[in-house]
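The values are calculated or read from the model by the stated rules, or taken from the named source; none is laboratory data. Here the structure is a predicted model, which is why all the values come from computation and not from measurement. So basically every Cβ, Gly included, is an ideal-geometry build from the backbone, and we count neighbours across all protein chains shown.
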Ligand code: SAH
Ligand code: SF4
């Protein structure tokens, strides 16, 4: 039988209930594991005696192993390749903002180092977006709550993580309960991340968006819109057929009415597909009654997606100007990072069983910048 991760909180809590063990020991165990990922349960001396046989027979401190770490020469980005108990791999990417020369005038950021972790929620993805490397893998499996949280545990040994974005492999809202439980753990001791520093990015799973606001208040929502009209969205994102643009916009209005939070909109700039001036106006009109920040993303070519090219810089500027000047929409352009290690949020693909890496990519820096 496979062991459960100690970070699979619902399973751990019910096992503790059955054995009459108080839940208040849980953060203490997590803290020990965070500091000593290779620990044995007996090293934690302060637990009730019933806890030891239970932990020894059913739980591991970590069910995943850190297979390899690649550090980018940009001194900002590191990619962790993590092996799951079932033999599959996922990738998680650490971005250290404080060292990013140029953007902060070469000076360390006030407030000290603050890294962002881009986590995976699934092995592969069933949404099949035409531009996405993960989508081309198809769906393999959902990560458990523990497997999601363990990415944070591994990354915490590389850097002090302050922000988490669910922009790695997979569609987080298609693994809803594991996502919600994982975020809840990240908010608790010993991680104690602020909900404002966690961002869930979704292709637009309409029915899950309003639930998310209820289950994870104050967590940021990022929506991969990528087109201002239904037919273009369907061409590049097959999932748009099941979640039509009209219904998605209704869900976003409701989400904002209830949460009062701004929404981050991701928009990949695809040459000749969704990037002309008319489409900038359509996007502006679609979004002008919402409080949003639009993040224009250069398309990063991936192996099989030769059908797309990224928009040139002048056209991106023009698109941005329309949104800003005509519709007063805050707009940022995503910077690419970490290409030498093939690391990119939303673009990760794990092919074979060992340390193969992804196709060529770039990295996300801006959504987190906005709320620091
Ligand atoms: N499934 C979720 C989260 C993971 S993808 C989602 O789609 O939102 C994270 C982001 O990376 C998304 O905005 C996605 O559209 C983007 N992305 C995927 N492939 C890309 C590519 N080739 N170039 C640039 N961004 C890409
Ligand atoms: Fe899945 Fe997101 Fe990639 Fe689309 S962009 S295939 S939803 S991971």
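The figures follow:
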{"quantity": "Hits in segment 112-129 - residues which are out of contact with any helix residue (DSSP H, G or I) (no Cβ under 6 Å at 6 or more places or on another chain) and part of a loop (DSSP other than H, G, I, E, B)", "calculated": "112, 120, 126"}
{"quantity": "Which numbered condition residue 79 fails, given (1) at pLDDT 95 or above; (2) under 17 Å from residue 150 (Cα atoms)", "calculated": "(1)"}
{"quantity": "The lone exception for residue 220 - which of (1) within 15 Å of ligand 2 (Cβ to nearest atom); (2) surrounded by 22 or more Cβ atoms within 10 Å (Cβ to Cβ) it fails", "calculated": "(1)"}
{"quantity": "Filtered residue count, segment 39-82, keeping only those that are under 18 Å from the mean Cα position of the chain (by Cα) and either assigned to a strand (DSSP E or B) or farther than 27 Å from residue 121 by Cα (or both)", "calculated": "6"}
{"quantity": "Test: residue 105 is more than 18 Å from residue 160 (Cα to Cα), more than 16 Å from ligand 1 (Cβ to nearest atom), in a loop (DSSP other than H, G, I, E, B) and at pLDDT below 95", "calculated": "yes"}
{"quantity": "Condition met for residue 133 (surrounded by 24 or more Cβ atoms within 10 Å (Cβ to Cβ) and under 21 Å from residue 217 (Cβ atoms))", "calculated": "no"}
{"quantity": "Tally of residues being part of a helix (DSSP H, G or I) and either closer than 22 Å to residue 209 by Cα or touching a strand residue (DSSP E or B) at 6+ places or on another chain (Cβ under 8 Å) (or both) across segment 265-283", "calculated": "1"}
{"quantity": "The one condition in (1) touching a residue at least 24 places away in the same chain (Cβ under 8 Å); (2) within 13 Å of ligand 1 (Cβ to nearest atom) that residue 135 fails to fulfil", "calculated": "(1)"}
{"quantity": "Output for segment 306-356, where each listed residue is surrounded by fewer than 18 Cβ atoms within 10 Å (Cβ to Cβ), at pLDDT below 65 and touching a helix residue (DSSP H, G or I) at 6+ places or on another chain (Cβ under 8 Å)", "calculated": "351"}
{"quantity": "Boolean, residue 300 is touching a residue at least 40 places away in the same chain (Cβ under 8 Å) and under 19 Å from the mean Cα position of the chain (by Cα)", "calculated": "yes"}
{"quantity": "Some residue of segment 181-200 being within 12 Å of ligand 2 (Cβ to nearest atom) and without any contact (Cβ under 8 Å) to a residue 24 or more places away in the chain", "calculated": "no"}
